[in-house]
Amino acid sequence: MSDCRVRLATPADAGAIARIYNQGIEDRVATLETELRTPEERREWMASRSPRHPVIVAEVAEPGATVVGWGSLNVFNAREAYRFVADFSIYIERGWRGRGVGQALLERLVALAREHGFHKMVLSAFPTNAGGLALYTKLGFRTVGIYKDQGQLDGQWVDTIVMEKLL
């Protein structure tokens, strides 16, 4: 995909981040989260993060710059022994899924993880998220296991696949 620019998110991006995250929550394809987010909540979330756990956005020129995806490096576990392991999130605007935005974001998150001294990146994904799983595999993540009945969405138990990449 051409004309996609990935940059650090700013507080002005909170509305777009909330909108895109809410699509992911509503579509039930990428998160066990069920509570919709507001721009203010996303601004507070961004402000509470350490520099080692950045939020990034992908924007395209449509006219003007439009945010079509976001990603973040997240604390995997607050215990000191896990300080070199990063969890991550990626969410893409519905109309832009499958068009290379996720790859651009994930490539940048991998680079940022290395820059911030992480040794490993981990994720948990739904087995039904074929596009996400293909992307993670393409960029060198490997499956390490499946959590059976990890959470409930709409009254149904959902499994998650756990993947990792050593940096």
By residue number, the members of segment 145-160 that are out of contact with any Phe, Trp or Tyr (no Cβ under 7 Å at 6 or more places or on another chain) and surrounded by 15 or more Cβ atoms within 10 Å (Cβ to Cβ) are Q150, G151
For T66, the lone unmet condition from (1) assigned to a strand (DSSP E or B); (2) surrounded by 15 or more Cβ atoms within 10 Å (Cβ to Cβ); (3) not hydrophobic (A, V, I, L, M, F, W, C) is (2)
Within segment 4-33, of all residues that are of a type outside the set (A, V, I, L, M) and touching a Gly at 6+ places or on another chain (Cβ under 9 Å), the one nearest to I161 (Cα to Cα) is T31
Within segment 1-25, restricting to residues that are exposed (fewer than 12 other Cβ atoms within 10 Å of the Cβ) and within 15 Å of E93 (Cβ to Cβ), the one that is modelled with the lowest pLDDT is D3
Note on F118: of the conditions (1) in contact with a helix residue (DSSP H, G or I) (Cβ under 9 Å, 6 or more places away or on another chain); (2) modelled with pLDDT of 95 or more; (3) outside any helix (DSSP H, G or I); (4) closer than 26 Å to T34 by Cβ, unmet is (4)
Within segment 132-167, residues out of contact with any Gly (no Cβ under 6 Å at 6 or more places or on another chain) and not in a strand (DSSP E or B) come out as G132, L133, A134, Y136, T137, K138, L139, G140, F141, D154, G155, L167
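The values are calculated or read from the model by the stated rules, or taken from the named source; none is laboratory data. Quick caveat: nothing in here was measured; it's all calculated off a predicted structure. Neighbour counts run over all protein chains shown; Cβ positions are idealised from the backbone, glycine included.
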